[in-house]
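Below you'll find the structure, written out as structure tokens, and then a few comments.
The values are calculated or read from the model by the stated rules, or taken from the named source; none is laboratory data. All values reported here derive from a predicted model rather than from experimental measurement. FYI the Cβ positions are ideal-geometry reconstructions off the backbone, even for glycines, and counts take in every protein chain you see.
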Amino acid sequence: MRIVSGIQPTGNLHLGNYLGAIRNWVKMQDEVAQTGGECFFFLADLHAISMPHDPAELSANTRTMAAALLACGVDTTKSVLFNQARVPAHAELQWLLNGTARMGWLNRMTQFKDKSGKNREGASVALFTYPVLQAADVLLYQATHVPVGDDQKQHLELARDIAQKFNNDFCEEEAPVFTLPEPFIPPEAARIMSLRDGTAKMSKSDPSEMSRVNLSDDADTVMKKIKKAKTDPEPLPGEEKGLEGRAEALNLVSIFGALTGKSVADVLSEYGGQGFGAFKPALGELLVETLRPISERFNALRVDTPELDRQLATGAAKARDAASATLASTYDALGLLR
Ligand code: TYM
């Protein structure tokens with residue numbers, strides 16, 4: 001088993017990232033360590049330049065996000081942790097795969113449509129070819145499983161399409177260059193929504209800080225954000241179907257379930273009939289308790305820049321090593337002399 005996943009260092013690590021992805025990275029890291037598999041986790045700093053950015057902020061955020069991942073339990077004695085920019089094979093493989101990816105496939109990517117908005121002509125080329133770099137990220141390491149939230153599903157389907165077409169076009173049937181990666185999307189918490197709008201996903205780029213819980217938020221801030229979270233005036237229903245059309249209520253109940261390992265139905269059997277005046281403080285306290293050890297570790301780790309750089313450089317050396325065979329096979333398969 002090869003587990004590969006990444007996160008953009010473009011803001012704070014929030015509850016959606018944690019419940020949708022990072023928590024599973026840590027679980028898989030521990031399971032995989034016992035079965036002889038390997039995990040590669042990275043800061044997608046190359047992806048981060050697809051949107052307008054401030055260079056000093058990007059370097060600072062890359063280190064801060066690394067500290068946040070370590071605080072969540074990514075363990076560099078079990079997993080390889082690095083930033084993409086230290087492993088040139090990612091950008092190289094992207095170029096090689098650009099010959100296989102089709103314009104039509106990229107034109108269908110919803111993230112490009114969302115992020116470029118009405119300004120398609122002004123969007124960077126990197127934003128358009130972003131999914132090809134993401135395919136390179138996972139194919140480079142022969143990933144078998146990629147733990148992500150639901151919003152990354154389409155990008156992983158594209159990675160599979162690229163791998164399949166490359167194998168068909170350039171490889172003998174019995175010797176494919178690329179493994180087809182399987183997305184691992186958690187059945188619960190695959191899409192945590194904004195605290196201000198139950199129809200928009202919780203996101204690092206939402207201008208409202210009140211829309212998300214950051215893993216670095218202190219207890220008072222967490223309680224305030226949950227108490228101010230948008231809801232409706234009705235009490236919680238006793239059954240799941242009573243949450244239909246109540247996106248904000250469903251989101252808060254789902255977060256509660258994801259934190260306690262309970263289903264939405266179980267949470268409702270406990271809190272059905274109660275109003276948000278009772279439910280929100282319970283959820284807030286649960287969150288504070290979950291986040292306390294993470295934010296304590298994060299605050300201790302984030303200040304040690306030399307140590308973070310050392311850890312990322314060590315991880316990158318391992319990643320470069322692991323990537324070299326697939327990169328060489330790709331050049332060879334394409335007939336490129338080196
Ligand atoms: P990013 O940085 O937006 O998010 C990191 C991870 O968090 C998940 N996630 C969520 N899960 C549930 N609810 C939410 N509201 C929520 N918001 C984010 C994402 O699905 C993701 O798993 N393109 C990727 C980074 C990337 C990558 C890769 C991922 C680059 N290369 C290769 C996997 C494999 C991204 O921008 O994730």
Q: Inspect all residues belonging to region 158-171 and state whether any of them is touching a strand residue (DSSP E or B) at 6+ places or on another chain (Cβ under 6 Å) and without any contact (Cβ under 8 Å) to a residue 60 or more places away in the chain.
A: no
Q. Checking ASN61 against (1) buried (at least 19 other Cβ atoms within 10 Å of the Cβ); (2) in contact with a helix residue (DSSP H, G or I) (Cβ under 6 Å, 6 or more places away or on another chain), which single condition isn't satisfied?
A. (2)
Q | In region 5-16, the residues that are out of contact with any His (no Cβ under 6 Å at 6 or more places or on another chain) and over 10 Å from VAL148 (Cβ atoms) | A | PRO9, THR10, GLY11, ASN12, LEU13, HIS14, LEU15, GLY16
Q) Looking only at residues in region 9-68 that are closer than 21 Å to ALA322 by Cβ and hydroxyl-bearing (Ser, Thr, Tyr), which one is modelled with the highest pLDDT? A) THR62
Q: Evaluate region 106-115: report whether one residue or more is within 27 Å of ILE22 (Cα to Cα), assigned to a loop (DSSP other than H, G, I, E, B) and in contact with a His (Cβ under 9 Å, 6 or more places away or on another chain).
A: yes
Q | Residue identified as modelled with pLDDT under 95 and not hydrophobic (A, V, I, L, M, F, W, C) among PRO176, PRO187 | A | PRO187
(Q) Suppose the filter is more than 25 Å from ILE3 (Cα to Cα) and either in a loop (DSSP other than H, G, I, E, B) or in contact with an Asp or Glu (Cβ under 7 Å, 6 or more places away or on another chain) (or both); does GLY242 pass it? (A) no
(Q) Please determine whether any residue of region 164-180 is among the charged types (D, E, K, R) and within 16 Å of the ligand (Cβ to nearest atom). (A) no
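Yes/no per residue for (1) in the same structural domain as TYR18 (by TED's automatic domain parsing); (2) touching a Ser or Thr at 6+ places or on another chain (Cβ under 6 Å); (3) among the basic types (Lys, Arg):
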residue	(1), (2), (3)
GLY277	no, no, no
LYS280	no, no, yes
GLY284	no, no, no
ARG297	no, no, yes
ASP309	yes, no, no
GLY315	yes, no, no
Q. Taking region 144-166, which residues are closer than 15 Å to ILE7 by Cβ and in a loop (DSSP other than H, G, I, E, B)?
A. VAL148, GLY149
Q. Conditions: (1) in contact (Cβ under 8 Å) with a residue 60 or more places away in the chain; (2) within 13 Å of the ligand (Cβ to nearest atom); (3) within 29 Å of GLN164 (Cβ to Cβ); (4) β-branched (Val, Ile, Thr). THR110 meets all but one. Number of the miss?
A. (1)
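Which of the residues spanning region 214-229 are free of Cβ contacts under 8 Å to residues at least 24 places away in the same chain and exposed (fewer than 15 other Cβ atoms within 10 Å of the Cβ)?
ASP220, LYS224
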(Q) I'm trying to understand the selection: among the residues of region 311-338, which are over 27 Å from the mean Cα position of the chain (by Cα) and over 16 Å from ALA163 (Cα atoms)? (A) GLY335, LEU336, LEU337, ARG338
(Q) Just to check your reading of the model, which residue among GLN29, GLN34 is assigned to a helix (DSSP H, G or I), under 29 Å from VAL177 (Cα atoms) and in contact with a Lys or Arg (Cβ under 6 Å, 6 or more places away or on another chain)? (A) GLN29
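Conditions tested, residue by residue: (1) within 13 Å of the ligand (Cβ to nearest atom); (2) not in a loop (DSSP other than H, G, I, E, B).
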{"site": "ASN12", "(1), (2)": "yes, no"}
{"site": "GLU57", "(1), (2)": "no, yes"}
{"site": "ARG63", "(1), (2)": "no, yes"}
{"site": "ALA67", "(1), (2)": "no, yes"}
{"site": "ASP75", "(1), (2)": "no, no"}
{"site": "ALA85", "(1), (2)": "yes, yes"}
{"site": "THR100", "(1), (2)": "no, no"}
Q | Candidate set from region 116-128 (those that are out of contact with any helix residue (DSSP H, G or I) (no Cβ under 7 Å at 6 or more places or on another chain) and assigned to a helix (DSSP H, G or I)); member that is nearest to the ligand (Cβ to nearest atom) | A | ALA126
Q) Residues LEU156, LEU195, LEU140: which one is within 16 Å of the ligand (Cβ to nearest atom), surrounded by 18 or more Cβ atoms within 10 Å (Cβ to Cβ) and under 16 Å from the mean Cα position of the chain (by Cα)? A) LEU156
Q) If you go through region 308-338 one residue at a time, how many are farther than 30 Å from THR100 by Cα and modelled with pLDDT under 95? A) 0
